[in-house]
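Okay, so here's the structure we're looking at.
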Amino acid sequence: MTYIAKPRLHHPTLPENRVGFTRRDYEGKISTLCAGCGHDSISAAIIEACWEMDIEPHRVAKLSGIGCSSKTPDYFLGNSHGFNTVHGRMPSVLTGANLANRTLLYLGVSGDGDSASIGLGQFAHVMRRGVNMVYILENNGVYGLTKGQFSATADQGSKSKRGAVNTDAPIDTVSLALIMGATFVARGFSGDKRQLVPLLRAAIAHKGAAFVDVISPCVAFNNHPGSTRSYDYVREHNEAVNRIDFIETRPEVTADYEEGHVVEIPHHDGTLLRLRKLHGEYDPTDRIGAMNYVQHHQARGEIVTGLLYADPHAEDLHEHLYTVDAPFNGLTEEDLCPGAAALEAINASLR
Amino acid sequence: MKPITAVNDFVVKFANVNGSGSASANELFAKSILRMGVPVSPRNIFPSNIQGLPTWYEVRVSERGWLARRGGVDLMVAMNPQTWDADLREIEPGGYLFYDNTRPLPPSKFRDDIHVIGMPLTEICNATYSDPRQRQLFKNIVYLGALSVLLGVDQEAIAQLIAEQYKGKEKLLQPNLNALRLGREYAQEKLAPIGLQVQPADNVGDRIFVDGNSAAALGCIYGGATVCAWYPITPSSSVAEAFQKYVGKFRTDADTGRVRGAVVQAEDELASIGMVVGAGWNGARAFTATSGPGISLMSEFIGLAYFAEIPVTIIDVQRGGPSTGMPTRTQQSDVLACAYASHGDTKHVLLFPEDPHECFEHAAGALDLADRLQTPVFVMTDLDIGMNQRLCTPFEWDDSRTYDRGKVMTREALDAGCDFGRYKDVDGDGIPYRTYPGTHPDRGGYFTRGTTKNAYAVYSEAGPDYIDNVQRLLRKFETAKALVPQPVMAAAKHRTPTGAIFYGSTSPAMAEAVAALEKEGIAVDTMRVRAFPFPDSVTDFIDAHEQVFVIEQNRDAQLRTLLLTELNADPAKLMPLLHYDGTPITARFITRAIAEQVHLRAVAPFEKDKVA
Ligand SMILES: Cc1ncc(C[n+]2csc(CCOP(=O)(O)OP(=O)(O)O)c2C)c(N)n1
Ligand code: SF4
Ligand SMILES: [Mg+2]
């Protein structure tokens, strides 16, 4: 495999965002994935979302497991620290990293094998702990890196490239995240950037466990007729419930939408999510309703996308543990060591 | 049968039923003797159950200060009918049996070579208390009162301890004192003091009485750990539980009530080590506490942390093997599993504390070492020191001590134009510089992965890059030799060709064995190894002796294997001496084994030259 360092010449015409970075500052190494791989489109969407949101690249920590998907953090945000951990265990490493410094933005990148097969346990537990993060699952229904075996998200009856039929029931990661207590759950499609970028932006703005499942076709092993994760299949069966048009940290009055088509979800930190509703009855603040809706459409062979659930009152693990605001990694002896006098008192109590 | 007579030198064993409330009465017994200035060393022997099953508490009283398990029992306090027969068999001829004679037992249930002291404990308690729970709980205090009369234990010492225990819970104080008096009065009236006596002495000094797990947790507090991730497993759970308690006590912000520390009970050991790795990568001091089975589960991450060079502290409270059963017994059987944990060419720093004092020291020290060496560091304690209170030197802390955060490149250094190569050996000691995530807007960022990288952390599968990297890791391991706690040597009074290497909780048994051997005219130089990698002084010690016993509490002579492979030591010279039935090693065992070998050798001289 090769890598080519990209020339970092700033083109004078490239627009800068409010923190003075151009889009190129959010790029990473040249991808080594197959041409047309859905994962690369997700990397592009992450770059776009971070640039648009004026996030300083070095204030992001990227963590991943193992797989083609988990390699991608090398291909975006080249100035951020990244950690390609072990297969299926990114959630625990991300949790520890988050505990060490609560002030960074944590992006967890994983695959369906990584999250739903070997890592199902950690996937579930990181959601229930409410770790403040954006968990991006690049879901292609196969193990790309090990060359095309079924993953646990592959649909029953779907056919592998070699013709084998999957007989095991699939794990729906969206439903699982909802059950496990994720406070932001969305599904996107790597082939629909217009929907995906705002979903990622909303996830980044969310303070709590945000999960974004992205259907991401594997052109090498899962893009053939008979696959339920091919570009064609997903385009045909995609059922978008809403479109996020923008996210603001301050409520802003706009008159772009007809009454009744726009729903606002104000978060307690001042963030306001504004959604254009595509399905009249869908309420993205109703967790039980979301579970029903997703399952109902899934049974009909439809893949529901959009913002499926957001809890406006989300809390994160640090709040549960009631930790100090200062990052742990900057605390000093003075903050941490009780000192010799306290130790003498302990000694005295042990005699 | 001549009754055993002994002053300040005997063993009392309590046979109880788990969950009957005996633990705190038994601890009072041990502590009251300590307060009289006489050293004691108690040991809990408990099966893997919560309630209803047998549990024992063995207290060795030793004015000379021998803290190892002695073996044999002089006085059995038999409170568990279920284990009666086995308990009786353990009593030394001429020893004593104390039991509840409320219900008469046939003579066949006794031995005629021991002295039997019966007391109607149930009857007394039933007559005094109406609440069944009180009847049960106070029975323990009543026998404590009786024993204090039989053995001459200062009643003031016990009363004082009870007062300390119930400070702030005065409602409970008086009933306990009453129960104590009840037991004493009965014994004074109806029983006579026995041949085993405690007399005031002055041999405890300023030593403290504490268990190793609490000590290790406190060491982590003093050492600056802020993240503890763990999964419950005996005998290590109380490390994390104590840490949690200390975080509440020492790390709570007075104004906001917020805490400077996070304790997460993970879903398994894979997650607990993953969290520690994540926190270490991000610059916080983090640790986990576990036992053998947990180490097995953690092993993939341990390898990643070794190659990605992430500080990790693991406290391994060793026990006997997998599943359930022997797990509540002690062993030193994870040495090899930890030394070479994980896939690929890996080796790790191990520390071997001998007692709670060193559990504190090594835990705090491990956090420094892990940061300095950017690697996993194991504190290899065991059930014997972890879960038993042990008399030891007081904890010490120098307020001028600072944390060694190791080689961390700061924003200022990056701004000054320092060349940052995450895996580059700048100083020749094999230790590279690292940056914390979020340090600098355009310098110092890197992508962390296992082995597929060059010195600048850029993806590389090139053979030479790999070799450079793993050779540097070996240099780093060399550097570790001088940084780890150095071995402690004790020379015999006379020049001797015989040496002994031991480590960890074997210490008190070894000290006592050396004294016993000396009496038999056998001189042994000893070396207590305190860490792996072994400093050169270990080779020097082996070279300076014709025969070296390696004393361990495992079946496979695991430390000896390390000595052979890592130091290229002569196998014929290193004689394994192994104790692994799950009970703590005794001085009797070591003395007998060494004496036997030394005598054998005196008959047929050790043929050193045979093995070149
Ligand atoms: C412990 C362990 N077992 C197996 C592997 C081999 N392995 C590497 S990637 C992978 C599957 C990845 O699938 P997925 O997470 O769906 O990622 P994709 O390549 O499809 O993006 C497996 C099984 C490994 N790296 N580690
Ligand atoms: S094998 Fe599939 S998942 Fe992997 S890079 Fe190629 S297309 Fe993407
Ligand atoms: Mg996949």
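The values are calculated or read from the model by the stated rules, or taken from the named source; none is laboratory data. The structure presented is a predicted model; accordingly, all values stated were derived computationally and were not measured. Here Cβ is always computed from backbone atoms with ideal geometry, including for glycine, and neighbour counts include all displayed protein chains. Surface areas here come from the heavy atoms of the whole protein model, side chains and all, with no ligands, DNA or RNA. Shrake-Rupley method; radii C 1.70, N 1.55, O 1.52, S 1.80 Å.
Here is how the numbers come out for the structure above:
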| item | result |
| --- | --- |
| Reachable lysines, given that their alpha-carbon falls under 26 Å from the alpha-carbon of residue B:245 and they are not under 8 places away in the same chain | B:31, B:167, B:169, B:171 |
| Whole-number percent relative contact order across chain A, with pairs defined as alpha carbons under 8 Å at least 6 apart | 15 percent |
| Pair-distance profile P(r), taking every C-alpha pair of region A:1-144, with 10 angstrom steps and integer % | 12, 41, 34, 11, 1 |
| Region B:421-462 shape via C-alpha gyration tensor axes, a/c threshold 1.5 | oblate |
| Accessible surface, the protein assembly as shown, averaged per residue in Å² (probe 1.4 Å) | 39 Å² |
| Residues of type lysines that residue B:453 reaches as a straight line, Cα spacing below 22 Å, ignoring anything fewer than 8 places off in the same chain | A:6, A:29, A:62, A:71, B:347, B:407, B:424, B:476 |
| Cubic angstrom per residue, convex hull over Cα atoms of the protein assembly as shown | 216 Å³ |
| Scattering curve values for region B:411-483, log₁₀ I(q)/I(0), Debye with Cα scatterers, q = 0.18, 0.20, 0.24 Å⁻¹ | -0.75, -0.89, -1.10 |
| Interface area, A with B, accessible, probe 1.4 Å, both sides summed, Å² nearest 100 | 5500 Å² |
| Given charges at Cβ of Lys, Arg, Asp, Glu: region B:287-370 dipole, positive-most of B:349, B:307, B:330 | B:330 |
| Solvent-accessible area, 1.4 Å probe, carbon plus sulfur percent, for the protein assembly as shown | 52 percent |
| Among B:526, B:574, B:544 - extreme Cα towards positive end, dipole of region B:488-611, charges at beta-carbon | B:526 |
| Chain A: most fluctuating residue of A:288, A:215, A:47 per GNM, C-alpha cutoff 10 Å | A:288 |
| GNM result for chain A, Cα springs below 10 Å: residue of A:307, A:273, A:137 fluctuating most strongly | A:273 |
| Surrounding net charge for residue A:145, when Lys and Arg each add one and Asp and Glu each subtract one, Cβ distance under 11 Å | +1 |
| Threshold 30 Å², region B:256-289 residues less accessible with all protein chains present than alone (1.4 Å probe) | B:258, B:259, B:260, B:262, B:264, B:267, B:270, B:275, B:278, B:281, B:282 |
| For region B:288-411, size of Cβ-based charge dipole, Lys and Arg +1, Asp and Glu -1, in debye | 340 debye |
| Sites residue B:519 and residue B:567 - FRET efficiency at Förster radius 41 Å, r taken between beta-carbons, to 0.05 | 0.80 |
| Whole-number percent relative contact order across region A:146-254, with pairs defined as alpha carbons under 8 Å at least 6 apart | 24 percent |
| Rounded, prolate or oblate (a/c below 1.5 giving rounded, otherwise prolate when a/b exceeds b/c) for region A:99-186 by Cα gyration tensor | prolate |
| Ellipticity estimate at 222 nm from DSSP helix runs (n ≥ 4, -39,500 (n - 2.57)) divided over chain B, nearest 500 | -12000 deg cm²/dmol |
| Top of A:170, A:15, A:217 by mean-square fluctuation, Gaussian network on chain A, Cα under 10 Å | A:15 |
| All lysines inside 27 Å of residue B:2 as judged from Cα atoms, apart from same-chain residues fewer than 8 positions distant | B:13, B:109, B:190, B:519 |
| Per principal axis, descending, Cα span of region B:488-611 in whole Å | 36, 34, 25 |
| Values of log10 I(q)/I(0), in the order q = 0.06, 0.10, 0.12 Å⁻¹, for chain B under a Debye, Cα-only, solvent-free model | -0.37, -0.94, -1.23 |
| Cα-based convex hull volume of region B:210-392 per residue, rounded to whole Å³ | 98 Å³ |
| Per-bin percent of Cα-Cα distances, region B:174-300 [10 Å] | 11, 29, 21, 15, 15, 9, 1 |
| Helix axis angle, B:587-603 relative to chain B longest principal axis, alpha carbon, degrees | 70 degrees |
| Shape of region A:133-183, Cα gyration tensor, a/c cut at 1.5 | oblate |
| Length-normalised contact order of region B:380-493 in % [C-alpha pairs under 8 Å, at least 6 apart] | 20 percent |
| Span-like helix ranges in chain A, DSSP H, alpha carbon extent 20 angstrom or more, Kyte mean at least -0.5 | A:38-52 |
| Dipole magnitude of chain A, debye to nearest 20 (Cβ charges: Lys/Arg +1, Asp/Glu -1, about Cα centre) | 1240 debye |
| Relative pair counts by distance (%), Cα atoms of chain A, 20 Å bins | 30, 55, 13, 2 |
| For chain A, calculated [θ]222 nm from helices alone, where every DSSP H run of n ≥ 4 adds -39500 (n - 2.57) | -8000 deg cm²/dmol |
| Rough spin-label spacing in nm, given labels placed 7 Å along Cα→Cβ, for residue A:103 and residue A:156 | 5.1 nm |
